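Below is one structure; the comments refer to it alone.
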Amino acid sequence: MKTSILAIVVAFGAAAATPSAAAPPAYRVTATIAGPDGGWDYAKLDPVTHRLYVARSTSVTVIDIKSAKTLRSIGSFSHGHAVLPISGGRLLVTSGDDATVRFLSAGDGHELGKLAVGSKPDAAILSRDGRQAFVMNADSGTVSLIDVGAMRITGTITVKPALEYAAQTPDGMVFVNNEDAGEIDVIDVANRTPLASIPMPGCAAPSGLAYDQPSGRLIAACANGKAAIVDAKRRALVGLVDIGLGPDAVLLDAKRRLAFVPCGKDGVLDILSLAGPTVTRVGRVVTEKGARTGAIDSANGAIYLPTASFAARPGVNGRPVPTPGSFHVLVVRPVAG
């Protein structure tokens, strides 16, 4: 545990929720959980088992959030990107470099199934009923539809390359960030067809995405220090909110009417209020550089952000190089004022 981190508290800006809305809680980093070396991407929390799953380069790291301890690493992948807890005590994992989706037992990690999908499967989400998965194949520009119970592909929808994270709305539409085009691509799942995309001028390389059902708004994290706010029904950009640089996720807390954007380049977690007629940034937690994805516990509002320390010099590809033995998960919690 890093005592310097524990003292960091949220710095609230002048922007706040509407006067009629309750003031959002304060947040701070309260703990760190050590884990094994290796790269990481998306994380997901299973609220039933209280297990946090982090997709790693070659495996999935399993963390017990009650004891705040790393339990094990399971599976064997070629550049894991997304991990989803699914029915039957199983996990769905995207393996980017070999263009497969794997099914694992969440208990002992043995592989239950393997599906060939499009090139570079990256983000993946579950349908609202949990029966279907949508896998975004970034390089091929396709979305694989998977029956998670039967562990089989039921369809493939061609969109365009550079697909990132996605969100589904109650009317069955799937919205997908397109990193290269700076837009949100729209998919009619029932008819398995792409519809007109939503341009987002002022939003570069959108990655993370979340849908807020009460307001009908999509929140997209943009690489250029903006969060794009999109009216899903009108399919139009309605605002841009200042955030940090280097985000890769949007974590939605529907209970508290907040969205959290972890910004890895600046090492901050920006807090957006969804309570008013417009989305506003109401707080910022100083975290660590590299903390760009994460997962949220909807029960208590705790947020888990994987990261590591980095060498002074970047690697041959220009990317930061994690220091051996430094991977950890930051725990950010709401605290009493």
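The values are calculated or read from the model by the stated rules, or taken from the named source; none is laboratory data. Note that the structure is a prediction, hence the values are computed from the model and not measured. FYI the Cβ positions are ideal-geometry reconstructions off the backbone, even for glycines, and counts take in every protein chain you see.
Among the residues of segment 309-325, those identified as without any contact (Cβ under 8 Å) to a residue 40 or more places away in the chain and surrounded by 12 or more Cβ atoms within 10 Å (Cβ to Cβ) are Ser309, Phe310, Ala311, Pro320, Val321, Thr323.
Here Ala259 meets the list (1) within 30 Å of Met173 (Cα to Cα); (2) assigned to a strand (DSSP E or B); (3) in contact with a Gly (Cβ under 9 Å, 6 or more places away or on another chain); (4) not aromatic (Phe, Trp, Tyr) almost entirely, failing just condition (3).
Being of a type in the set (Val, Ile, Thr), in a strand (DSSP E or B) and within 24 Å of Asp147 (Cα to Cα) holds for only one residue in Thr61, Thr94, Thr32, Thr70, and it is Thr94. Take segment 36-57 and flag every residue that is under 13 Å from Thr94 (Cβ atoms) and either surrounded by fewer than 22 Cβ atoms within 10 Å (Cβ to Cβ) or charged (D, E, K, R) (or both). The answer is Asp41, Lys44, Arg56, Ser57. Pairs are defined by a Cβ separation below 6 Å, a sequence spacing of at least 6 or placement on different chains, a first member in segment 66-87 that is under 23 Å from Ile303 (Cβ atoms), and a second member that is at pLDDT 95 or above and among the acidic types (Asp, Glu); the pairs so defined are Leu71/Asp64; His81/Asp41; His81/Asp122; Pro85/Asp46. Only residues that are closer than 24 Å to Gly244 by Cα and not hydrophobic (A, V, I, L, M, F, W, C) were counted across segment 190-214, and they come to 8.
Filtering Arg319, Arg292 for residues that are of a type in the set (Lys, Arg) and under 28 Å from Pro199 (Cβ atoms) leaves a single hit, Arg292. Hey, does segment 171-180 have a residue that's assigned to a loop (DSSP other than H, G, I, E, B), within 27 Å of Gly246 (Cα to Cα) and not aliphatic (A, V, I, L, M)? Among the residues of segment 171-180, at least one is assigned to a loop (DSSP other than H, G, I, E, B), within 27 Å of Gly246 (Cα to Cα) and not aliphatic (A, V, I, L, M), which makes the answer yes.
Taken together, the residues in segment 114-132 that are outside any loop (DSSP other than H, G, I, E, B), out of contact with any Phe, Trp or Tyr (no Cβ under 9 Å at 6 or more places or on another chain) and among the small types (Gly, Ala, Ser) amount to 1.
Apart from one condition, Gly244 fits all of (1) buried (at least 20 other Cβ atoms within 10 Å of the Cβ); (2) not in a loop (DSSP other than H, G, I, E, B); the exception is (2). Of the strands (runs of 3 or more DSSP E) lying entirely inside segment 184-241, those carrying at least 3 residues that are closer than 20 Å to Leu269 by Cβ and either modelled with pLDDT under 95 or under 21 Å from the mean Cα position of the chain (by Cα) (or both) are 209-212, 217-222, 226-231. What are the residues in segment 136-153 that are part of a loop (DSSP other than H, G, I, E, B) and touching a Ser or Thr at 6+ places or on another chain (Cβ under 9 Å), if any? Within segment 136-153, Ala138, Asp139, Ser140, Gly141, Val148, Gly149 qualify. For segment 128-154, residues that are surrounded by fewer than 16 Cβ atoms within 10 Å (Cβ to Cβ) and at negative phi total 9. Hey, does segment 83-94 have a residue that's touching a His at 6+ places or on another chain (Cβ under 7 Å) and closer than 17 Å to Ala43 by Cβ? So far as segment 83-94 goes, yes, one or more of its residues are touching a His at 6+ places or on another chain (Cβ under 7 Å) and closer than 17 Å to Ala43 by Cβ.
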